[in-house]
Amino acid sequence: MPTQRRMVFFSRRRRVLAATLLMVVASSSMAHGIKPKEKQFPAGVPETVQTGVREVALQVNDDGWQGPALAFAQDTRVVFVLKNTGQEKHLFVIGDAPGQRDQALMHRLMPADTYDYPNTRHLAPGNTARVGWRFNRRGTFSIRCLLPGHQANERGVMIRVSGDH
Ligand SMILES: [Cu+2]
């Protein structure tokens, strides 16, 4: 097998493994009704303290997440105030590129799954949600809708986190 093909094969297997691990974590925490402790995600950590924190309003419609790119200094805390103004269901996912690929694959494998992870929110038409977040890592991230059929067709919002603000 040529090296390149083998690498593609292994990276697919790794993604399936990652999706399986995410499912196991999700189902075990739901089964025990426990709140997960603060956990590092690629784009930062979910933030439960939402008072006195900058609010960032974001709307999703049937073309995807709307608005210009966002920039934050490292360790900025925000609350994303989300609203679905479209006619269809949409999904909020915040992550880096590999994390978004894993999450996208999971939704393709389980199109009926509506479980919300700490970095995701399902939004029915007209619905709103608040997601607290702390950007404790520098890098380039994005907010995207990763529902099956929406992944390639909808725009996302890019986020840059740097230390020089
Ligand atoms: Cu969508």
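Each reported figure results from applying straightforward, stated rules to the coordinates on display, with no laboratory input. Quick caveat: nothing in here was measured; it's all calculated off a predicted structure. Methodologically, a virtual Cβ is constructed for each residue, glycine included, from the backbone with ideal geometry; neighbour enumeration extends over all protein chains shown.
For segment 57-147, rounded, prolate or oblate, judged on the Cα gyration tensor with a ≥ b ≥ c (square roots of eigenvalues), a/c < 1.5 rounded, else prolate if a/b > b/c? Cα axes put segment 57-147 in the oblate bin. Using 13 Å as the cut-off for backbone N distance, which residues of segment 55-83 belong to the label zone defined by a point 7 Å from the Cα of SER162 along Cα→Cβ? So the set is 70-74.
Among VAL53, VAL79, the order by Cβ neighbours within 10 angstrom, fewest to most, reads VAL53, VAL79.
Computed from the C-beta positions of TYR115 and THR48, the FRET efficiency with R₀ = 30 Å rounds to 0.95.
Extending 7 Å from the Cα toward the beta-carbon at both GLU88 and ASP75 defines two label points whose distance is 4.2 nm. Taking the number of Cβ atoms within 10 Å of each Cβ as an exposure proxy, the fewest-first ranking of ILE94, ILE159 is ILE159, ILE94.
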